[in-house]
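**Student:** Below is a structure I'd like to ask you about.
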Amino acid sequence: FRGECVRRYGANINAASWDSVVFDLPGERTLKRVPMMEPTRGSRAHVGELLDASASAAELVATLAAKA
């Protein structure tokens, strides 16, 4: 998940670490942190469809927020 986010949405990544990806999205006043507490759940099998359906970092974060 982390590596693919950096590849696809690198311009909107503020930070990436083992346990989270932090997005800096246009029009947002605050950074958006996506926690990754279980690294094995970030494989293509788990998140590939989600990433493929997200044309932008903003779409990805919005979809994740809606599922939270």
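**Student:** Look through L64, L51 and report the one residue that is at pLDDT below 95 and either touching a Gly at 6+ places or on another chain (Cβ under 7 Å) or not in a loop (DSSP other than H, G, I, E, B) (or both).
**Tutor:** Going through L64, L51 in turn, the sole match is L64.
**Student:** Going through segment 34-55 one residue at a time, which ones are of a type in the set (S, T, N, Q) and under 10 Å from the mean Cα position of the chain (by Cα)?
**Tutor:** Matches in segment 34-55: S54 only.
**Student:** If I filter segment 24-48 down to residues being in a loop (DSSP other than H, G, I, E, B) and under 14 Å from E4 (Cβ atoms), which single residue comes out as modelled with the lowest pLDDT?
**Tutor:** Checking each candidate, the answer is S43.
**Student:** Restricting to segment 1-18, name every residue that is loosely packed, with under 12 Cβ neighbours inside 10 Å, modelled with pLDDT under 95 and touching a strand residue (DSSP E or B) at 6+ places or on another chain (Cβ under 9 Å).
**Tutor:** Passing the criteria: only G3.
**Student:** If a residue has to be surrounded by fewer than 18 Cβ atoms within 10 Å (Cβ to Cβ) and within 20 Å of L50 (Cα to Cα) to count, how many in segment 19-33 make the cut?
**Tutor:** So the count comes out to 5.
The values are calculated or read from the model by the stated rules, or taken from the named source; none is laboratory data. Remember, it's a predicted structure, so these values are computed and weren't measured experimentally. Cβ sites come from the backbone with ideal geometry, for glycine too, and all protein chains shown count toward neighbours.
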